[in-house]
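Where a number appears in this text, it was derived from the coordinates with a stated rule and is not lab data. Values in this document were obtained by computation on a predicted structure and should not be read as measured data. Glycine gets a Cβ as well: all are built from the backbone with ideal geometry, and neighbour counts include every protein chain shown.
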Amino acid sequence: MRLELASRPHRSGIGLTPLIDVVFILLLFFMLASHFHQWRALTVSATGQGATGAATPAVLVRVHNDGSIDLSGGPTSIGALSTKLAYNLQRNPALAVQIESDGGVPLQTLVEVFDQLHAAGISEMNLR
Amino acid sequence: MKLQRTERRSIKPFAPSRRDRSDESLIPLINIVFLILIFFMIAGRMEAPDPILVDPPVSTSPTRPSPPQLILVLAADGRIAAGDEIMESQHLDEWLARKLTSQVSGDANHQGLQISLKADTGVRADQLQSVLNSLRRASVQKITLLTTRRP
């Protein structure tokens, strides 16, 4: 009698260990397979010449290998770029902006420059 | 005397539950693991991994990408991956030509290729420029550069 009583509560339900095994495997799977990148898109000009013709006024942003930036010939900084461009665009909304960069400029710098252009209201990245 | 009493009291409640303790102490662990599992299931997104690992540039652009027809992955060492293929940059032109002819024969009213570029932060401007020139020669209609959001 005593033995029966002692063994009864021991065999209640399924053990937790298999459950934990499966949950750990699921957790590992989801940890390894999922990622948290939030993708953003920058539109790059597909024509290379800009949507406008040669007759419209254009501004040239030059990016040098050492990270310095010229705005139509005059040196400027990346922080001042968007205000200067916004001012130019306000006076002339048809202004086309082109980015010209040296060969060794890393992509991250180009994207940062384009972020400034985007802040000034330019929607298409015109690289040449 | 007093001390002995308190000792007895503190020991007593442990004695009967010793057998269940192994299972019961696991329950907080399972709770946490379940929480983490649910977090990863809901917050993470699953995508097929790219054939080349790239570290995309960070931008402040608010535009979310539209589902692209084709993704080209550019690595910093000049390799280009498209689908499952990995090629050197000089073979991009012929690959694009093949892709374009198969697309034109595939559907009559195609509106040109739309290509998304997933490039590494370390890709140099001249590498990007040569890829863009190839895409323009192949008269790709829309080119987007994929970046990640600034955290």
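Side notes on the structure shown:
- A:GLY103 fulfils the conditions (1) surrounded by fewer than 17 Cβ atoms within 10 Å (Cβ to Cβ); (2) more than 25 Å from B:SER116 (Cβ to Cβ) except for a single criterion, (2).
- Residues located in segment B:131-144, provided they are surrounded by 16 or more Cβ atoms within 10 Å (Cβ to Cβ) and either assigned to a helix (DSSP H, G or I) or touching a residue at least 60 places away in the same chain (Cβ under 8 Å) (or both): B:VAL131, B:LEU132, B:SER134, B:LEU135, B:ARG136, B:THR144
- Verdict on B:ARG64 being among the basic types (Lys, Arg) and within 9 Å of chain A (Cβ to nearest Cβ): yes
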